[in-house]
Amino acid sequence: MSRALGTRPASVGAAPRQQESPVLDLIYIALTLALFALVGLVAKGVEKLGPHARGSAHRESTGGAERL
Amino acid sequence: MDAATIWLGVLPVATLLLVLALIYRPLGDYIAHIYTSTKDLVVERGTYRLIGVDPRAEQTWQAYLRGVLVFSVIGVLFVYALQRAQAVLPYSLGLPAVPEGLSFNTAVSFVTNTNWQSYSPELTLGYTVQLAGLAVQNFVSAAVGIAVAVALVRGFASRRSGTLGNFWVDLVRGVTRLLLPLSIVAAIGLLIGGVVQNVNGFTEVTTLTGGTQVLPGGPVASQEAIKELGTNGGGFFNANSAHPFENPTPWTNLFEIVLLLAIPVAMPRAFGRMVGDNRQGYAILGAMATIAIVSISVGSWLESLGLGTAPELAGSAMEGKEQRFGILGSTLFGGATTLTSTGAVNSMHDSYTALGGMMPMLNMMLGEVAPGGVGSGLYGMLILAVLAVFVGGLLVGRSPEYLGKKLGPREIKLASLYILVTPTLVLLGTALSFAIPAVRSDVESVSIWNPGIHGMSEVLYAFTSAANNNGSAFAGLTANTPWLNTALGVAMVLGRFVPIVLVLALAGSLARQSVTPSTVGTLPTHRPQFVGLLVGVALIVTALTYFPVLALGPLAEGLV
């Protein structure tokens, strides 16, 4: 017997609905942004890695040349 | 084992090797063509216009990295929001919003190509989240990995350009020209093999004994194709590829193994083509194949021995394995999925014998470089190649050069930092789980179902899987807790993107150099000796890093 799409039978267990908390949402979003910011900071540190640290390369247009 | 069992094991392996050998050149050449072509497809031009990208603009490594990070952080936030809004989304099968910690873990997991799942998909996620969130990430996270690998290859191949191509172009091409077409073909193959594809939701059926059972359906074949091709591994069902709707027969089992190995195996060919020396591709492939064949052989042998009280009483180590796959069909899949970054499972690694269960863990600890994830396997092995050249140079007194690029202090520092990132995350995460009293209490009372040495192995496996972006699990661990959802999420983000920073920085550094002609003083990197050196470096680095913790976990369990 097929059930209509979009329904979950009561017999199928699922985790009980938990108390919604916007604070936790904010914490996890902030954690996400902080982690990526940390990765960005690592990149900044890597730029300065010596003793033969080199600056950023000049942007050059290849004019559609082979991308190698 | 009798002769028939061995033959049944040999036949799939021989078929697998033959198929991979046949696709190595054409697929590798095609991948190289994708990323060196100067022509854009109509759909690609439309996409570039839509997102405001000039496809001809070359990027420095910093700009390339910015693209990777911006694209990925948006992906995490979008998948997080989708899960939190699930209750009001259509086609959600009546399922509620996903809790915050689990949403974070899942969003991070799929964006980092890990696909660690702290939940039962069929009981937690409706079709909208599965398709619009997770399936999309299955494509784009794989494309990001390939793009980073291609950027590193361009670093080796370029001559003082200082640029690595364009991230957005590489991302779009990876999806439109490689992953999407192959996924369509693969999905049709899986459908023919009996994998289900529907939108029926849940179906109540009457069993043979007269009872009722609720069977989940879903668009499984289409998800399964990219799950394997993109070395993602996140199952549509909780049992993953052990579920008969995802992987019904030994034939589909072999087909799925081919799918998850196809692109990683072909990447060395693309590398060889792009640097203009196919022999370099064969050398990298040789190192990958050596490690893979030895690992899978040892793992299969250990499981076939059936050591341990329960397997010896039962007559074989079949606990946690599907009858239709047997021991060899399970260990072949288990080896392939952990040697790549796939993490799909067709057997429960937690139920393997102590030493047999160590092998999937060891595969991940090797850095998943044999052949590794799509893209990540190649760039991981190239980093090891840089270190091998450096070590070889020290041994014989030759200047360290690889593919005509000098490996100075900066390059070696970047490569060295790369191999430290994931071990640090693995060991720190495992240690913190037991060192902080409140966390330890939670982990021991809630997460670990097998206390003692095996419980420690379960936590070690979880952090090894997360930090290496594999996604497979020792199934006995309950990971849907605030600590593990958050800590594993952090390990996944840092384990994915910090190495990418170092790879792109190395690529940028190499791209600024001109190519030095090889001389008699140059270490040849296309010969068997170098393959041996590369394998040796990979094994020694892993052994030195992880032996102590393995001695506390699976080695202690297996040898006591």
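Only the coordinates and a few stated rules stand behind these numbers; no lab work does. Computed from a prediction, not measured in an experiment: that's the story for all the values here. Quick reminder, even Gly has a Cβ in these numbers, built from the backbone with ideal geometry, and neighbours come from all protein chains shown.
Taken as Cα centroids, the range B:403-474 and the range B:500-536 sit 28 Å apart, rounded to the nearest whole angstrom.
Projecting label points 7 angstrom from Cα along Cα→Cβ for A:Asp25 and B:Ser445 puts them 3.1 nm apart.
Put a plus charge on the Cβ of each Lys and Arg, a minus charge on the Cβ of each Asp and Glu, and nothing anywhere else: the dipole of the protein assembly as shown about its Cα centre is then about 2300 debye.
Rounded, prolate or oblate: which one fits the range B:168-233, using the alpha carbon gyration tensor with axes a ≥ b ≥ c (rounded when a/c is under 1.5, else prolate when a/b beats b/c, else oblate)?
On the way: a/c = 3.88, a/b = 3.00, b/c = 1.29.
Prolate.
The ratio of the alpha-carbon radius of gyration of the range B:344-442 to the globular-protein estimate 2.2 N^0.38 Å is 1.43. The phi torsions of the range B:127-141, fed into the Karplus equation with coefficients 6.51, -1.76 and 1.60 and a -60° offset, translate into couplings of 5, 5, 5, 4, 8, 6, x, 6, 5, 4, 5, 4, 6, 6, 5 Hz, rounded to whole numbers, with Gly and Pro shown as x.
Per the helix-only calculation at 222 nm, which mean residue ellipticity applies to the protein assembly as shown, given -39500 (n - 2.57) for every DSSP H run of n ≥ 4 and division by its residues, nearest 500 deg cm²/dmol? Walk me through the intermediate numbers first.
On the way: 22 runs with 378 residues, N = 628.
Helix-only estimate at 222 nm: -20000 deg cm²/dmol.
With a Förster radius of 30 Å applied to the C-beta separation of B:Ala132 and B:Leu420, the computed FRET efficiency comes to 0.20.
Counted by neighbouring Cβ atoms within 10 Å, the residues B:Ser509, B:Ser222 run from fewest to most as B:Ser222, B:Ser509.
Could you work out the relative contact order of chain B, using alpha carbon pairs under 8 angstrom and six or more residues apart, expressed as a whole percent? Can you show the working numbers first?
Working: 1009 pairs, mean separation 110.6, N = 560.
Averaging sequence separation for qualifying contacts and normalising by length gives 20 percent for chain B.
Take the Cα radius of gyration of the range B:411-484 and divide it by 2.2 N^0.38 Å, with N its residue count; two decimals is plenty. Walk me through the intermediate numbers first.
Numbers: Rg = 13.5 Å, N = 74, 2.2 N^0.38 = 11.3 Å.
Taking N as the residue count of the range B:411-484, the ratio is 1.20.
Counted by neighbouring Cβ atoms within 10 Å, the residues B:Trp251, B:Trp7, B:Trp483 run from fewest to most as B:Trp7, B:Trp251, B:Trp483. Equivalent ellipsoid of the range B:373-559: semi-axes from √(5λ) of the C-alpha gyration tensor, largest first, are 38, 18, 12 Å. The mean number of partner chain beta-carbon atoms within 10 angstrom of a residue's beta-carbon across peptide B:59-69 is 3.
Taking N as the residue count of chain B, its C-alpha radius of gyration divided by 2.2 N^0.38 Å amounts to 0.93. With contacts taken as Cα pairs under 8 Å at a separation of at least 6 residues, the range B:76-214 carries a relative contact order of 18 percent.
Need one value for B:282-290: mean number of C-beta atoms belonging to other chains within 10 Å of its residues' C-beta atoms. Write out the running numbers ahead of the final one.
Working: counts 0, 0, 0, 0, 0, 0, 0, 0, 0.
Other-chain Cβ atoms within 10 Å of each residue's Cβ, averaged: 0.
Taken residue by residue and averaged, Cβ atoms of other chains lying within 10 Å of the Cβ of B:92-105 number 5.
Per residue, the convex hull spanned by the Cα atoms of the protein assembly as shown amounts to 158 cubic angstrom.
Applying 1/(1 + (r/R0)^6) with r as the Cβ-Cβ distance of B:Arg398 and B:Trp251 and R0 = 56 angstrom yields a FRET efficiency of 0.65. Viscosity 0.890 mPa s, temperature 25 °C: what is the translational diffusion coefficient of the range B:3-276 from Stokes-Einstein with a Kirkwood Rh over Cα pairs, rounded to a whole number of µm²/s? Estimated via Stokes-Einstein, D reaches 122 µm²/s.
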